1. Can you report the principal axis dimensions of the range A:117-190 using only the alpha carbons, biggest first, rounded to whole angstrom?
2. Tell me, Kirkwood radius of the range B:66-165 from alpha-carbon pair distances, in Å?
3. Using alpha carbons only, how many degrees (0 to 90, rounded to 10) separate the axis of helix B:30-44 from the longest principal axis of chain B?
4. Out of the GluC sites (Glu not before Pro) in the range A:127-177, which ones are loop residues according to DSSP with at most 16 other C-beta atoms within 10 Å?
5. Over chain A, what is the relative contact order in percent, taking alpha-carbon pairs closer than 8 angstrom and at least six residues apart?
6. I need the inter-copy label distances for B:Asp32: point set 7 Å along Cα to C-beta, values in nm with one decimal, smallest first.
7. For the pair B:Asn188/A:His127, report the inter-label distance in nm, with labels modelled 7 Å from Cα in the Cβ direction.
8. What does the accessible area of B:Phe138 come to, in Å² to the nearest 10, when a probe of 1.4 Å is used?
2 protein chains.
Amino acid sequence: MVTSPVVNTYPLSSYTFGTKEPKMEKDTSVADRLARMKVNYMKEGMRTSVQEHNHPHILLLQIGNTFCKLPGGRLKPGENEVEGLKRKLSSKLAANSLQPNWQIGECVAVWWRPNFETIMYPYCPPHITKPKECKKLFLVHLSEREYFAVPKNLKLLAVPLFELYDNVQRYGPVISTIPQQLSRFQFNMVST
Amino acid sequence: MVTSPVVNTYPLSSYTFGTKEPKMEKDTSVADRLARMKVNYMKEGMRTSVQEHNHPHILLLQIGNTFCKLPGGRLKPGENEVEGLKRKLSSKLAANSLQPNWQIGECVAVWWRPNFETIMYPYCPPHITKPKECKKLFLVHLSEREYFAVPKNLKLLAVPLFELYDNVQRYGPVISTIPQQLSRFQFNMVST
C-alpha cells in the first residue's frame, strides 16, 4: 500500500476567534489590482504568493459580501516562502501579542499568471517565459487550540470541502479545486 | 524554500507505439457498467481503481470517438494497489513479451463514489459510511525509452495539460482536474 500523508484536524469548537484592527485592501477594484501588480512587477520581478488551508473546513477570509480569499499574500523581494507565509498568516489571523507557531506543511498547488490579467493556470503555459505571478498553496497544520484575531473589516469563514467542490462561480478556479488537491491526504478527525 | 518533487519527462518521440489484440470493454453503456458494478460490489465489497499519468502530456486511452479514460482498472480482491496498477498498465499498454518496469510514483488524487451512480467526489461525502468505489490516481515515472502496445480497439492519446484544463465537458471531472493535481510537481523536461 502507498500510504497517504496524514493530517490531523480538530473540531472548530477547539478554536477561539477575536477581532483586530482592519487590514485594508490596497485596491478597490480588480482593474486597480492589476494596474498595481504591473507597477510592482516592473519594480520587483515575478510576484510570489503563499496561502494556507486545512481540512475538512478551509479557513477563508471574506471581504465585503461575496469575495473570498485564502489567508496569505505577497512575499517581500528575496523573502523565504515559508517565512513569508508565516508573516502573512500572523498579519491576517493572529493577535499581535500571541503569535501561533504556524506549521507550514505540504505544497498542494501552484498557479501561474502569464499576463497582467485575472486568469491563472495550474501550469506555466507554453511559450510564456516571463510569468507575472506564481501563487503557491500550502497546507498549514493547526494545533489543537488556536486563537485567531481577525481584522475587523474581514470575516473569517470555515468552509467545508463539499461547499467548495464544483463551485467555481462562487469561489473561483483556485479555491474551488482545493478539494481535489487535498484528496490525496488522509484526514484524521481528532475529537477533543 | 520548500522543494517540489521532480518528475523527468522525455519527448514523445522517445517512445514507440504498436498494437495488440483488442481489450473489449465489458459494458456497452453507462447503465450496464453501473449494473455490473452493483453485482460486483455485492460479491467483493468496495471497488478500488488505480490509474497512471505523466506530464506535460497525459496518456489516455480513447474508446470509440469521444470517451477517454486513464490506463488502469479494478484491483482483484485483496490485491496490493501498486501491483494491481502494474498489472493493469501491462494489460493495457505493454506487449506480452516486453513488460516495462513500471515505476509507480506519488498518489495525486483520490475519488469516491458514494452510490451506484456516475457521480464521484474528491472526498467521501458526510454521512456516507459505505462508499461503493475508491479510485486512486498515481503518477507513473516513465523511462527515457518505452515500447507501448495498444489494444487494437483503443487509441492511445498523449494529451497536453492545457487541453485537459477547464475542459470538464470533454474529459469529465476526474481527468480535467489532473493539471491542478500535478501543479505541485516540478517537471524536468529532458531533451534526448
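The values are calculated or read from the model by the stated rules, or taken from the named source; none is laboratory data. Since this is a predicted model, take the numbers as computed values, not measurements. Glycine gets a Cβ as well: all are built from the backbone with ideal geometry, and neighbour counts include every protein chain shown. Please note that ligands, DNA and RNA were not included when accessible areas were found on the heavy atoms of the full protein model with its side chains. Shrake-Rupley method; radii C 1.70, N 1.55, O 1.52, S 1.80 Å.
1. 47, 34, 24
2. For the range B:66-165, inverting the mean 1/r across all distinct Cα pairs yields 15.5 Å.
3. 80 degrees
4. Qualifying residues, ordered by number: A:Glu144.
5. 36 percent
6. Values, ascending and in nm: 6.0.
7. Label-label distance for B:Asn188 and A:His127, simple model: 2.9 nm.
8. 0 Å²
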